[in-house]
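Here is the structure we will look at.
Derivation of every value follows stated rules applied to the coordinates shown; laboratory data play no part. On a predicted model such as this, the values are computed, not experimentally measured, just so you know. Cβ: placed from backbone, ideal geometry, glycine included. Neighbour counts: every protein chain shown.
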Amino acid sequence: MLMKKERLDKFLANMGLGSRRQVKALVRDCRVKVNGIVILESDFKIVPEKDRVEVNGQLVEYKKFYYIMLNKPAGYLSATRDNYASTVMDLLPEEWRKRDIAPVGRLDKDTEGLLLLTDDGQLAHYLLAPRSRVAKTYFLQVEGEVTVNDLKALEAGVVLDDGYCTLPAEVRLLAAGKRSELELTIYEGKFHQVKRMLKAIGKKVIYLKRISMGALELDPGLAPGESRELSEEEIHRLKNS
């Protein structure tokens, strides 16, 4: 199979070594080698999967895409940038922020839990496409008692405030009482959907946390605000959700 060539400066920028301007300076300063040879032209063409690239004597590990799991805390927007509020990107190490990664879907500012970030546009499109019906599971606390009829309504699908009827959901009552606890799995991603579904049955969500997306489960070892790269096995499972 013919491997695609790429400009050296673009490759270095994509690997998080700096902006295109910064990596051009690295090349000019004789700090970049390709297969052991110092390269002086930033438009030099390489095959990322094949060629050995070093900067300051350190091997640049090639990764076509980055896949990041974040345990999102409340108070952050699921966006790449915002002029007024903190975003989930502010929680990531600088080397990842230099990549063109973005959240796959959104969690509300006050919602916590699993958020996937990647620069793999094809996977992001698949996970978000309505026809894919990728499962998303949430833990939620609800103000007031949730009845058997409420559970049946959620399982059958409810009509939201804009007239949209949701797909049937899977729901499990974890704790009953004045503050009920539920585990809810949905197969679509409408705006504020979980909160609107509970509102449709006369209940108010007071805490919401996503615990899984497709075959990807939130790592219990990640504290709020912490992140890590997905393992190869997790990536494989996610792509085959």
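To the nearest 0.05, what FRET efficiency results for H236 and S86 with a Förster distance of 22 Å applied to their C-beta separation?
Given R0 = 22 Å and the Cβ-Cβ separation, E is 0.10.
Considering only DSSP beta bridges whose two residues both sit in the chain, what percent are antiparallel, to the nearest 5?
Roughly 90 percent of the DSSP beta bridges within the chain come out antiparallel.
Restricting attention to the stretch 143-241, which chymotrypsin sites (Phe, Trp or Tyr not before Pro) occupy a DSSP loop and are surrounded by at most 16 other Cβ atoms within 10 Å?
Filter output for the stretch 143-241: Y164, Y187, F191.
Which whole number of Å³ per residue matches the convex hull of the alpha-carbon atoms in the stretch 135-213?
In the stretch 135-213, the Cα hull volume divided by residue count equals 75 Å³.
Kindly list the residues of the stretch 1-36 that lie in the label zone of E54, defined by a backbone N under 20 Å from the point 7 Å along the Cα-to-C-beta vector.
Output list for this probe position: 8-9, 11-13, 15-18, 23-36.
Determine the alpha carbon to alpha carbon distance for each of K24/K63; K98/K209; K136/K209 and list only those over 22 Å.
Beyond 22 Å between Cα atoms: K98/K209.
Once a ≥ b ≥ c are taken as the square roots of the eigenvalues of the Cα gyration tensor of the stretch 106-241, is the result rounded (a/c under 1.5), prolate (a/b larger than b/c) or oblate (a/b not larger than b/c)?
Note, shape of the stretch 106-241 comes out prolate.
I'd like the projected area of the stretch 6-59, averaged over all directions, using the convex hull of its alpha carbons. Report it in nm² with one decimal.
Mean shadow area of the hull around the Cα atoms is 3.0 nm².
If the viscosity is 0.692 mPa s and the temperature 37 °C, what translational diffusion coefficient in µm²/s does Stokes-Einstein give for the stretch 1-132 when Rh comes from Kirkwood over Cα pairs?
199
Please give, to one decimal in nm, the separation of the simple spin-label points placed at Y62 and E170, each 7 Å out from Cα toward the Cβ.
The two pseudo-label positions are separated by 4.0 nm.
Where does the chain land at 222 nm, in deg cm²/dmol rounded to the nearest 500, when only DSSP H runs of n ≥ 4 count, each adding -39500 (n - 2.57), divided by all residues?
The helix-only estimate for the chain comes to -5500 deg cm²/dmol at 222 nm.
³J(HN,Hα) across the stretch 88-100 via Karplus (A = 6.51, B = -1.76, C = 1.60, θ = phi - 60°), whole Hz, x for Gly/Pro?
4, 5, 5, 8, 8, x, 4, 4, 7, 5, 6, 7, 8
Starting from the Cα of K203, draw a straight line to each of the aspartates and glutamates and keep only those under 16 Å, dropping any in the same chain fewer than 8 residues away.
Of all the aspartates and glutamates, those that pass the test against K203 - Cα under 16 Å, at least 8 places apart if same chain - are E143, E145, D150, E155, D161, E181, E183.
With +1 assigned to the C-beta of every Lys and Arg and -1 to the C-beta of every Asp and Glu, and no other charges, what is the dipole magnitude of the chain about the Cα centre in debye, to the nearest 20?
Its charge dipole is roughly 600 debye.
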